[in-house]
Amino acid sequence: MELAKIHGVQFSLAANALKTFTYVDDVLTGAFSTAETVRLKQELIDLLKLGSFELHKWCSNEHSVIGDIPEDKRHFEDVDLNKDSLTTKTLCITHEVQSDKFKITAPPNDTGLKSPTKRKILSYISNFFDPMGLTSPVFVKAKNFLQKLWQSNLDWDTPLPA
């Protein structure tokens, strides 16, 4: 982040990507055009090189974006865009490379929601991790439900009324 602050003017695309789309040690970003993505990639490489950092696990469905990235720095050594199942997963988000779609899969229901309690519902909802906010429209309803559940003054382990 310090590099983004210091060199943000010179590397504006990379600085914005690092500030906005970095999760732990992964940068999940892209652009609206191939040309802009290539520029972003080069800015990220150049900016991070100033701090002696190097990105790994590059992934793109455009050969022109990752064609010059060494295979040992790519997420897939040889990207075959004809494969239907080419996916990469980062922080509970699955990226289908060929179709350029993101999927967030619900965690298994190991909390015993057959006899739901306030504790079990909160535990289940808390298992979802969506750093990009892709599921926000769905989780607003879940959070509203939790708010109403909280207002009902039920104890944490009291089974919910039918």
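The values are calculated or read from the model by the stated rules, or taken from the named source; none is laboratory data. No experiment lies behind these values; they were computed from the predicted model shown. Cβ atoms come from the backbone with ideal geometry, glycine included; neighbour counts cover every protein chain shown.
The figures follow:
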read-out	value
Residues of region 8-39 that turn out to be buried (at least 18 other Cβ atoms within 10 Å of the Cβ) and more than 20 Å from the chain's Cα centre (by Cα), as a count	2
Count of residues meeting criterion [at pLDDT below 90 and touching a Lys or Arg at 6+ places or on another chain (Cβ under 9 Å)] in region 9-46	2
Residues (within 21 Å of the chain's Cα centre (by Cα) and of a type in the set (Ser, Thr, Tyr)) located in region 40-67	Ser60
Residue match in region 103-110 (condition: part of a strand (DSSP E or B) and at pLDDT below 85)	yes
Unmet requirement for Gln42, which otherwise passes all of (1) touching a Leu at 6+ places or on another chain (Cβ under 7 Å); (2) surrounded by fewer than 18 Cβ atoms within 10 Å (Cβ to Cβ)	(1)
Output for region 124-156, where each listed residue is surrounded by 10 or more Cβ atoms within 10 Å (Cβ to Cβ) and touching a strand residue (DSSP E or B) at 6+ places or on another chain (Cβ under 9 Å)	Phe128, Phe129, Asp130, Pro131, Met132, Leu134, Thr135, Leu154
All positions within region 33-70 that are within 16 Å of His7 (Cα to Cα) and of a type in the set (A, V, I, L, M, F, W, C)	Leu40, Leu44, Ile45, Leu47, Leu48, Leu50, Phe53
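One line per residue, one yes/no per condition, for (1) of a type in the set (S, T, N, Q); (2) touching a helix residue (DSSP H, G or I) at 6+ places or on another chain (Cβ under 6 Å); (3) within 26 Å of Phe129 (Cβ to Cβ):
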| site | (1), (2), (3) |
| --- | --- |
| Val24 | no, no, yes |
| Thr29 | yes, yes, yes |
| Ser52 | yes, no, no |
| Ser60 | yes, yes, yes |
| His63 | no, no, no |
| Ile66 | no, no, no |
| Ile69 | no, no, no |
